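These notes are about the structure you will find just below.
Every number here is computed from the coordinates shown, using simple stated rules; none is lab data. Computed from a prediction, not measured in an experiment: that's the story for all the values here. Neighbour counts are summed over all protein chains in view; Cβ atoms, including those assigned to glycine, are modelled from backbone coordinates with ideal geometry.
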Amino acid sequence: MIDIPAGIQQVQTRIKQAANEAERAASAITLVAVSKTKPVEAIVAAYDAGQRHFGENRAEELEQKAEALKHLPGIQWHFIGHLQTRQSKAIADYAHYFHAVDRLKIAERLSHQLAERERTLPVYVEVNISGEVSKGGFNCANWEQDSDQRDEFLNAVKSMMALPQLSMSGLMTMAPFNAPEDEIRSIFRRLRELSEWLNRQLSELDAHELSMGMTGDFEIAVEEGASCVRVGTAIFGER
Ligand SMILES: *Cc1c(COP(=O)(O)O)cnc(C)c1O
């Protein structure tokens, strides 16, 4: 059996060290423990060790776990996966944060469903910086050079800002797996720069959060400005 409290402790220590390196406050970084595929007992073990933020990437699984654990005060559910249109209700019902807004249509649908529930949902817009076809999100692989790409993204964000039930937290990305460190670092840095550019363009926007970094690369993400890291394997073991 894997020692979940020890895993959380180790990840928190590594976040602190990376934050110190970068002269950032570790308290500005939220650890989302990615519990996808893991049983509710594993989540309870993490909760008992003080962990409150959990990440899931399947709507049905989120619904089942959130229902099973609704007696735990202060538990926060982050939906971090691609959301299929027909499954958006579960997110409107159970998610406290949504990290993967990858198209305007899902944002509109969610806003509508949230209105029926009189809820507001903090969201991150998912951005594809690496250009890998396997990755989701708005294509911003060439945003520094390509003004059409920038404008398209800007217009999508503007439309989302107009949706009353969504509150824009910031941007989310995933770096390539097993890429050299400098390549991963550059992806995270370019997400931060895109966020700075976006917030300058839209004066009404205040969306400075950056959701980036997983088990293999969260320290680099912290050094490059992550406000939220999504870590599964280093806490709960291999899936
Ligand atoms: C699974 C997943 C993670 C966590 O991955 P680990 O490598 O296990 O830390 C983070 N973000 C997203 C979007 C995921 O799907």
Item to check | GNM flexibility winner over the chain from LYS70, LYS36, LYS89 (Cα, springs under 10 Å) | outcome: LYS70
Next on the checklist: Run the paramagnetic zone check for ALA6: 7 angstrom along Cα to Cβ, then residues of the range 38-78 with backbone nitrogen under 13 Å.
Outcome noted: none
Checklist entry - Between GLU61 and HIS208, what is the label-to-label distance in nm when each label sits 7 Å out along the Cα-to-Cβ direction? => result 3.4
Checklist outcome for this item: Non-local residues with an amide H under 5 Å from the amide H of GLU126, with H modelled 1.01 Å from N and Pro and chain starts lacking one, are VAL101, ASP102, PHE138, MET172
Checklist entry - To the nearest 0.05, how large is the calculated FRET efficiency for GLU118 and LYS89 if R₀ is 22 Å and r is the Cβ-Cβ distance? => result 0.90
Item to check | Ellipticity estimate at 222 nm from DSSP helix runs (n ≥ 4, -39,500 (n - 2.57)) divided over the chain, nearest 500 | outcome: -13000 deg cm²/dmol
Checklist entry - Given a cut-off of under 8 Å on Cα pairs at least six residues apart, what relative contact order in percent is computed for the range 180-234? => result 33
Next on the checklist: Just to compare against my own numbers: the Cα pair-distance distribution for the chain, 5 Å bins, whole % per bin, please.
Outcome noted: 1, 7, 14, 18, 20, 17, 13, 7, 2, 0, 0
Checklist outcome for this item: Here P(r) for the range 17-153, Cα-Cα distances in 10 Å bins, as whole percents, is 11, 34, 32, 19, 3
Checklist entry - Among PHE54, PHE153, PHE218, whose mean-square fluctuation peaks in a Gaussian network model of the chain (Cα, cutoff 10 Å)? => result PHE153
Checklist outcome for this item: The whole-number value in µm²/s of the Stokes-Einstein translational diffusion coefficient for the range 137-233, with Rh from the Kirkwood sum over alpha carbon pairs at 4 °C and 1.567 mPa s, is 92
Item to check | Highest-first arrangement of 177-186, 1-10, 72-81, where packing means the average Cβ count within 10 Å | outcome: 72-81, 1-10, 177-186
